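Data block below; observations after.
The values are calculated or read from the model by the stated rules, or taken from the named source; none is laboratory data. Given the structure is predicted, the values throughout are model-derived calculations rather than measurements. Cβ sites come from the backbone with ideal geometry, for glycine too, and all protein chains shown count toward neighbours.
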Amino acid sequence: MLLQLIHKWFLLLFIANISCAVRTYTKDDLVKLREEVREMFYHAYDSYLKYAYPYDELRPISCDGVDTYGSYSLTLIDALDTLAVMGNYSEFQRVVDILSAKTDFDANINVSVFETNIRIIGGLLSAHLLSNKAGIKLEPGWPCNGPLLRLAEDVAKRLIVAFDTKTGMPYGTVNLHSGVPKGETTVTCTAGVGTFIVEFGALSRLTGDPLYEEVALNALYALFDHRSQLGLFGNHIDIDSGRWTAQDAGIGSGVDSYFEYLVKGSILLQRPELMEMFYEARKSIDKYLKRDDWYMWVSMTKGQITLPVFQSLDAFWPGVLSLIGETSNAMRTLHNYHQVWQQYGFTPEFYYIPQTEAGSNKESYPLRPELIESIMYLYRATGDPYLLQAGEDILRSIQHSSKTPCGYATIKDVRDHKKEDRMESFFLSETTKYLYLLFDTDNFIHNQGQYGTIIDTPNGQCVIDAGGYVFNTEAHPIDPAALQCCHGAAKSDMFNFKDLEKNKALFRGDTIYQRRNQTKAANEKVAENISAEVAEVVVETVPVESNSTVTKLQDSENANESISGDGELSEEDNSTVLASIEEIMLPDFFGNILSSKGKVFSPQEMLERFRRENKFPRNMTWENNYKLLSCKAQPFLQRISIFGEFFNK
């Protein structure tokens, strides 16, 4: 008994000493750290523009570029909203102008559905919603209209064919021009099924088209329905049969953002059923995966540990817990993860917990953001100065070991800090952004509703920029208030743009007159089961230095003339055309896109099939349990201990 008391006494002294040893950061300290992160970002961003653009990524050792995910200047799009977060509105405007000149993403290339969604659609939607704050000249009807929004929807229309499966869970790859590649595997990772509701939900709310949100929601219900009897989810699933092909259950690679999007989708779209799904999943996670504030990999059917490892991607979890008010549990887990960082100066992809060492052939650190992401969320929630110190640890490691004359390089081996010639786009989209936001405590992203901006829209006045931004898994912030500007309006008023005729030179979308005729024609074609005719477009093939080609449409000036050339918009047209429309508009290019079975793809038919079959019925009780969307207050004792009131007396 005496030994136990002595042990507890020394433990308390040790904790007290650690608490007192935490550095105090002044406002000037934070400004200096923020500016150091800004310099880090521009060293990498300017190097990308100088050496790598228009390729997808910078190679920071070779000082050149390489295409990785689709040959669509990925880093430029991924880094765009970071420019706005850091206040560089002139460069933001320049990049928006470049992207706005692009008419679509038509290209004969195979792309990852998951990566294209989170990086391209997410990046375009975020930049679209930040355009007002950045002083961009807006089209009539913003935020329910705009060139970046149209581009995001164009990409989504090219990805949506992936969901045309027996279960509604998507394929992992599509061709941006022709749809699902012939012979494409039906095996997809869990995250590849469940990481769409944030982007697709935002797209539906902004455009008024329910297709995207319903399809993403159906995939979530399908995945949830296939959980094991223990309530666990495997790593890979056959989207046709629903059979799990990899049965290890964890919170890391291949699974992570599924859980993240249940929470974030619920908050962004005010869908309590998604939070119910998360809480159900978390019960099993805590019961079977959690060991001493670490999370292991276990068998999804038996629950026993199969892989006692911490993965670098696991580090997102404390941040997600902070979003539901679970800061105490989150902080304990974060301490474990930060210890790994301190051991190596980085977090390896795999870390074997019993051996306390990096995993063989899994020793790299590709500049991942997950740990700093959770640190930023938890600092915002708790104000604990320990988190600032942890963030500075990350900044110092990257500056010391990753920096090159042309950017920042992946760490090939955390044990000796050897570099690898790659800088993924998420370094500019996520890692630098979260670091910047940690030290920039007055950034507009942190607004907790103290202020907002009132804008006049065709649907009346609307409040935006009031805070509550929801980051997608690529750290692209979405303003939930802006979604309400469009989603809260009646469908009959959605496209009733004021002064549309006077501003036709700016408005490059379809007029209501044209859209009504297109919708009517499309519905007739669907009813008669006739394939859509492909519109003739003047194109030229532009060779690039990579193995692929880029399809260039006619210049925007000519496009403006061709779009605005016919059809007068009457007041009567406006008041009746969308009053009862629940159908999805089918663009001409769907005539080119084939489903996996070789048939001409119709997204409307797919959506109607999901509704008709109703394989995964919704839980009406869950859908109305809005109390789940309220966040628990931070415990009083935790707050006063964080601010040092126990140790400063």
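Points worth noting:
- Annotation note: of Arg243, Arg205, the sole residue that is at pLDDT 95 or above, surrounded by 21 or more Cβ atoms within 10 Å (Cβ to Cβ) and among the basic types (Lys, Arg) is Arg205.
- The single condition among (1) touching a Cys at 6+ places or on another chain (Cβ under 9 Å); (2) of a type outside the set (Asp, Glu); (3) surrounded by fewer than 15 Cβ atoms within 10 Å (Cβ to Cβ) that Cys462 does not meet is (3).
- Candidates in the stretch 76-101 are the residues that are outside any helix (DSSP H, G or I) and surrounded by fewer than 17 Cβ atoms within 10 Å (Cβ to Cβ); of these, the one that is modelled with the lowest pLDDT is Ala101.
- Positions within the stretch 129-173 being crowded, with 21+ Cβ neighbours inside 10 Å and free of Cβ contacts under 8 Å to residues at least 24 places away in the same chain, in sequence order: Gly146
- When the stretch 610-647 is limited to residues that are assigned to a helix (DSSP H, G or I), surrounded by 13 or more Cβ atoms within 10 Å (Cβ to Cβ) and modelled with pLDDT of 60 or more, the one that is nearest to the chain's Cα centre (by Cα) turns out to be Leu629.
- Taken over the stretch 298-321, the criterion of being out of contact with any helix residue (DSSP H, G or I) (no Cβ under 7 Å at 6 or more places or on another chain) and among the polar types (S, T, N, Q) is satisfied by Ser299, Thr301, Gln304, Thr306, Gln311.
- Residue in the stretch 398-416 that is touching a residue at least 60 places away in the same chain (Cβ under 8 Å), in a helix (DSSP H, G or I), surrounded by fewer than 21 Cβ atoms within 10 Å (Cβ to Cβ) and within 24 Å of the chain's Cα centre (by Cα) present: no
- Test for Tyr344: is it of a type in the set (Phe, Trp, Tyr), crowded, with 17+ Cβ neighbours inside 10 Å and more than 20 Å from Lys290 (Cα to Cα): yes
- Number of positions in the stretch 50-72 that are under 20 Å from the mean Cα position of the chain (by Cα) and more than 16 Å from Ile118 (Cβ to Cβ): 1
- Count of the stretch 445-486 residues which are within 20 Å of Thr195 (Cα to Cα) and in contact with a Gly (Cβ under 6 Å, 6 or more places away or on another chain): 4
- Close Cβ contacts (under 8 Å, 6 or more residues apart or on different chains) running from residues in the stretch 333-347 that are under 15 Å from Val414 (Cα atoms) to residues that are of a type in the set (S, T, N, Q) and assigned to a loop (DSSP other than H, G, I, E, B) comprise Tyr337/Thr347; Val340/Thr347; Trp341/Thr347; Gln343/Thr356.
- Failed item in (1) surrounded by fewer than 23 Cβ atoms within 10 Å (Cβ to Cβ); (2) farther than 20 Å from Ser401 by Cα, with Tyr377 passing the rest: (1)
- The number of residues in the stretch 444-474 that are closer than 23 Å to Leu138 by Cα and of a type in the set (Asp, Glu) comes to 2.
- Conditions (1) assigned by the TED database to the domain that holds Lys32; (2) within 24 Å of Tyr377 (Cβ to Cβ): number failed by Arg422: (2)
- Any hit, the stretch 107-114, residues being buried (at least 21 other Cβ atoms within 10 Å of the Cβ) and touching a Cys at 6+ places or on another chain (Cβ under 9 Å): yes
- Scanning the stretch 172-224 for residues that are in a helix (DSSP H, G or I), closer than 22 Å to Pro477 by Cα and of a type in the set (Phe, Trp, Tyr) yields Phe200, Tyr212.
- Against the list (1) among the small types (Gly, Ala, Ser); (2) closer than 30 Å to Leu388 by Cα; (3) touching a helix residue (DSSP H, G or I) at 6+ places or on another chain (Cβ under 8 Å), the condition Ser47 fails is (3).
- Residue list for the stretch 362-377, restricted to those being assigned to a helix (DSSP H, G or I) and of a type in the set (Ser, Thr, Tyr): Ser374, Tyr377
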